[in-house]
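One structure is given below, encoded as structure tokens.
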Amino acid sequence: MKYYKWIGIVACVLLAVACFLPWTYHADIKEYFNGFYSRNHYGKPGKVILFFAIVSVILVLIKKIWAKRTHLFVAGLLVAYVIRVFIVFTTCYFAYCPERQYGLYLLIAATLGVLITALFPDLKIANKEKGEG
């Protein structure tokens, strides 16, 4: 992939931006929740997501096989964590369901971008023929 690094970096920047955008709107308390503000009901998942995004950018820029494998592991953890965040933030409580906002959908799309970047790394493998020495 020619634009491997750029796609990975843009996906991580979109992850960071999505943490600051509204994820859900709770009409019962008339507030928007995002990655850093949730009235301490759901914690601050934006910190964890930003950590994974920074680690992903670093691993995308390193041209070693161990970095590509580690990036795949980090991307898998990020996908699992974002699924957990999606479930926690959108679950109904007391017969009330919060409204999903565009920040949550951007978070999912950016996470899939990071996963695709991790699944298809730009790797050049040397062709070593047997018998030459």
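The values are calculated or read from the model by the stated rules, or taken from the named source; none is laboratory data. Please read all numbers here as calculations on a predicted model, not as lab measurements. No Cβ is skipped: glycine too gets one built from the backbone with ideal geometry, and neighbour counts run over all protein chains shown.
Numerical summary
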read-out	value
Checking G76 against (1) at pLDDT 95 or above; (2) closer than 12 Å to C12 by Cα; (3) not hydrophobic (A, V, I, L, M, F, W, C), the condition it does not meet	(2)
The lone exception for I58 - which of (1) exposed (fewer than 15 other Cβ atoms within 10 Å of the Cβ); (2) of a type in the set (A, V, I, L, M, F, W, C); (3) under 19 Å from T91 (Cβ atoms) it fails	(3)
Condition met for N40 (in contact (Cβ under 8 Å) with a residue 60 or more places away in the chain, over 30 Å from K2 (Cβ atoms), out of contact with any Ser or Thr (no Cβ under 6 Å at 6 or more places or on another chain) and among the polar types (S, T, N, Q))	no
Residue count for the stretch 88-107, restricted to those that are more than 17 Å from Y32 (Cβ to Cβ) and either modelled with pLDDT of 95 or more or part of a strand (DSSP E or B) (or both)	0
Residues that are within 14 Å of the chain's Cα centre (by Cα) and polar (S, T, N, Q), drawn from the stretch 11-70	S56
Test for I83: is it at pLDDT 95 or above and more than 24 Å from D122 (Cβ to Cβ)	yes
In the stretch 41-73, the residues that are assigned to a loop (DSSP other than H, G, I, E, B) and within 15 Å of V85 (Cβ to Cβ)	H41, Y42, G43, K44
Checklist (1) surrounded by fewer than 18 Cβ atoms within 10 Å (Cβ to Cβ); (2) within 14 Å of A110 (Cβ to Cβ); (3) more than 10 Å from the chain's Cα centre (by Cα) applied to V85, failing item	(1)
Residues of the stretch 67-88 satisfying the condition of being touching a residue at least 24 places away in the same chain (Cβ under 8 Å) and either touching a Leu at 6+ places or on another chain (Cβ under 8 Å) or of a type in the set (S, T, N, Q) (or both)	K68, H71, L72, V74, A75, G76, L78, V79, V82, V85
Complete set of residues in the stretch 13-31 that are touching a Leu at 6+ places or on another chain (Cβ under 9 Å) and surrounded by 15 or more Cβ atoms within 10 Å (Cβ to Cβ)	L14, L15, A16, A18, C19, L21, P22, W23, T24
